[in-house]
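Coordinate-derived values only; no laboratory data. Given the structure is predicted, the values throughout are model-derived calculations rather than measurements. Cβ: placed from backbone, ideal geometry, glycine included. Neighbour counts: every protein chain shown.
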Amino acid sequence: MIPLQLSLKNFLSYTEASLDFKGLHTACICGANGAGKSSLLEGITWAIWGECRAVSEDDAISNGAMDVRVDFTFMMHGETCRIIRSRQRDGNGALEFQIQTSGGQFRTLTQKGIRSTQALIDDYLKIDYETFINSAYLRQGKADEFMRKKPADRKQILAELIKVS
């Protein structure tokens, strides 16, 4: 997966932010403690899997805001993809999965319901959230998460990574 663009609206500490990764081969996000560096990475995981460090789903919404939206565009399997996840404080949410066509427009692959669309995304990416955070993304304060798992759970995560499950 190659990130291309990330747009956040009312996500965690961000009221509005947009990052363009196009043309970057390596990126370093630096800043003072509490500046929101980890929130950018959490925005990607929330867009893709609906999971982040927030305790409850509404905690992902910035204080004082009524809704949240994260739009993440990336390249994978030679295709440009976009995932848009949104949620309102009243509990209503939406998830869109799109692939860019040769004409530059995005064609929706969104299924009926968030669960069905999430299953499609997981299948397309060939990785779920649990495997991702225990292999590719060491979350702040949770770098030992994989080692704290039971041996059977670690075995399952490794099986998922090498596709022998």
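Observations, loosely collected:
- Members of region 57-80 that are more than 13 Å from F11 (Cα to Cα) and in a loop (DSSP other than H, G, I, E, B): H77, G78
- Restricting attention to region 104-135, the residues that are assigned to a loop (DSSP other than H, G, I, E, B) and over 12 Å from the mean Cα position of the chain (by Cα) total 10.
- Residue count for region 17-30, restricted to those that are on the phi < 0 side of the Ramachandran plot and part of a loop (DSSP other than H, G, I, E, B): 9
- All positions within region 123-135 that are touching a residue at least 12 places away in the same chain (Cβ under 8 Å) and either surrounded by fewer than 16 Cβ atoms within 10 Å (Cβ to Cβ) or not β-branched (V, I, T) (or both): Y124, L125, K126, D128, Y129, E130, F132, N134, S135
- Matching residues in region 81-103 - criterion: being within 19 Å of N10 (Cβ to Cβ) and in a loop (DSSP other than H, G, I, E, B): R89, D90, G91, N92
- Screening F21, F11 for residues that are more than 18 Å from M76 (Cβ to Cβ) and of a type in the set (F, W, Y) leaves exactly one candidate, F11.
- Selection count where residues are among the hydrophobic types (A, V, I, L, M, F, W, C) and under 29 Å from S56 (Cβ atoms), scope region 12-26: 3
- Single residue of region 4-16 satisfying the filter (in contact with a helix residue (DSSP H, G or I) (Cβ under 8 Å, 6 or more places away or on another chain) and assigned to a strand (DSSP E or B)) that is nearest to R87 (Cα to Cα): F11
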